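Since every read-out is calculated from the coordinates, none of them should be taken as a lab result. This is a predicted model, so every value here is computed, not measured. Quick reminder, even Gly has a Cβ in these numbers, built from the backbone with ideal geometry, and neighbours come from all protein chains shown.
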Amino acid sequence: MAETQLDDVRKVFTENDGNEIVAVNDVSLDIEDGEFLVLVGPSGCGKSTTLRMIAGLETISDGDIRLDDRVINDLPAKERNIAMVFQSYALYPHMTVRENMAFGLEESTDLPGDEIATRVEETAEMMGIDPLLDRKPEELSGGQQQRVALGRAIVREPAVFLMDEPLSNLDAKLRAQMRTELQQLQEQLETTTVYVTHDQTEAMTMGDRIAILNDGELQQVGTPLECYHEPANVFVADFIGEPAMNFFDVTRRDADDDGTVLDGDILNYTVSDDISTAIGDRSDLVLGVRPEDISIERSEGENRRADGHTIPATVSVVEPTGDENIVYLELGDDGNETAIATIDGMSRIDAGERVIVHIPEDAIHVFDAKTNEALH
Ligand code: ATP
């Protein structure tokens, strides 16, 4: 077990034509002892490069990586006591499962052969792969290969596990099952784990904390619920949550009665003093609201309320997912602005219906349109 720290870690790749790519841009991150931290972000944001630097598979351009307060920047990968599990499993095809699992221990420790054999068998039993010990990887299903790859990492009893999209080659059902199993295993072993995925659902369901990267830069680190309810900026607000948050470009206007109104194409949204204070004198803003926070009801001739919290809309599409319906809305009379709401799966609303959309004030997020930072 170990605390792992990244201190202004930077990685610059130089292409053949001399062009520089900043893959990881001064990332600082404190991964606590025993924590399950998920590194999440879109393709190309620098997740794998970060993980590979921690593993020692990639050099660091600048900054420090520490394992229990010891700088390990120049420590060779095999001396780091870190085990990595890859998306491709990376099992040795000519070796049996038993040999695959024993190999790392034979290479990196002085343990006697019989002890290695015992550890391999105990780990195989724990992972439910003991009946497969004498098979070669080609004789295993994808799910079994994945389990062997995990078993091979676990048997080494490393200080840190690094996992790079380890479940992405599995079908949806097996992936969901392995997510739970992996979490349970990690809780049992209490080994610090850094898990990379581009899948925000995986991040939300698995991580003690999640670290969200975009363009090589760390956007936010927090518990899944913190990142969901208090996104630090527009990127996080948009990336976390499915369907994504609705955003409306608005400008601030002082109302006649001292209040503050956020004016948009459709919205003329009066905000509370709290929000008004948070906005200060900024004028270009983005108002965000999550689909599940929007409520809709059938229109009975009523139109928008004066405070702008209620606006008329037309339902364009309804997508049932079982427990909920995803409702696509065209706002206002000309339908230029759109929004997505999720409602209970039992509620009946059909495409073409006129509805009243309510955006409650306690559910709105306000961002600075220039910096994209959250203000409220
Ligand atoms: P994905 O989810 O697609 O695997 P990622 O978030 O893991 O993406 P990285 O693989 O870390 O992203 O890549 C980050 C950036 O660095 C990308 O722009 C990528 O093209 C670039 N990059 C990665 N490895 C190299 C390399 N060896 N040489 C040049 N550029 C590289």
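For the stretch 1-100, which GluC sites (Glu not before Pro) are in a loop by DSSP, counting at most 10 other Cβ atoms within 10 Å?
15
Please give the length that would be gained between residue 274 and residue 363 if that part of the chain were fully extended, namely 0.36 nm times their separation in residues minus their C-alpha to C-alpha distance (nm, one decimal).
Fully extending the segment from residue 274 to residue 363 adds 30.7 nm.
Taking each pair of distinct Cα atoms in the stretch 235-350 once, what is the resulting Kirkwood hydrodynamic radius in Å?
15.3 Å
Taking one equal scatterer on every alpha-carbon of the stretch 25-95, how large is log10 of I(q)/I(0) by Debye at q = 0.19, 0.20, 0.21, 0.27 1/Å?
Result of the Debye calculation: -0.92, -1.01, -1.10, -1.57.
Residues of the stretch 308-338 with backbone nitrogen within less than 15 Å of a virtual label 7 Å along the Cα-to-Cβ line of residue 346, please, listed as ranges.
From the stretch 308-338, the list is 322-325.
Which residue, chosen from 49, 198, 232, occupies the Cα position most advanced towards the positive end of the dipole of the stretch 4-239, where the dipole is computed from +1 (Lys, Arg) and -1 (Asp, Glu) charges on Cβ about the Cα centre?
With unit charges placed on the Cβ atoms, the residue in question is 198.
Starting from 0.36 nm per residue, how many nanometres of slack lie between residue 121 and residue 317 once their C-alpha separation is accounted for?
65.1 nm
Keeping to pairs on different chains or 8 or more places apart, tell me how many lysine pairs in the stretch 4-239 have Cα atoms under 28 Å apart.
The number of close lysine pairs in the stretch 4-239 is 6.
If contacts are Cα pairs under 8 angstrom and at least 6 residues apart, what is the relative contact order of the stretch 246-368 in percent?
Relative contact order here is 28 percent.
Using Cβ counts within 10 Å as a stand-in for footprinting exposure, how do 346, 245, 178 rank, fewest first?
Final ranking by Cβ density, sparse to dense: 346, 178, 245.
Once fully extended, how much extra length lies between residue 177 and residue 78, figured as 0.36 nm per residue of separation less the alpha-carbon to alpha-carbon distance?
Full extension of this stretch gives 32.5 nm more.
Modelling each spin label as a point 7 Å along the Cα-to-Cβ direction, I'd like the residue 375/residue 69 distance in nm, to one decimal.
Output for this residue pair reads 4.4 nm.
Which distance in nm do the two modelled labels at residue 298 and residue 249 give, with both placed 7 Å along the Cα-to-Cβ direction?
It works out to 3.7 nm between the two label points.
What number, rounded to the nearest 500 deg cm²/dmol, is the helix-based mean residue ellipticity at 222 nm of the chain, given -39500 (n - 2.57) per DSSP H run of at least four residues and division by all its residues?
After summing the helix terms and dividing by residue count, I get -7000 deg cm²/dmol.
Using alpha carbon centroids, what distance separates the stretch 356-376 and the stretch 252-316, in Å?
9 Å
Within 10 Å of each candidate Cβ there may be at most 11 other Cβ atoms; applying that plus a DSSP loop requirement, which trypsin sites (Lys or Arg not before Pro) in the stretch 322-376 survive?
348, 370
Per residue, how much space in cubic angstrom lies within the convex hull of the C-alpha atoms of the chain?
Dividing the Cα hull volume of the chain by its residue count gives 178 Å³.
If you wrap a convex hull around the alpha carbons of the stretch 1-153, what volume per residue comes out, as a whole number of Å³?
Given the Cα convex hull of the stretch 1-153, per-residue volume reads 147 Å³.
Filter the GluC sites (Glu not before Pro) in the stretch 236-303 down to the DSSP loop ones having no more than 16 other Cβ atoms within 10 Å, then list what survives.
300, 302
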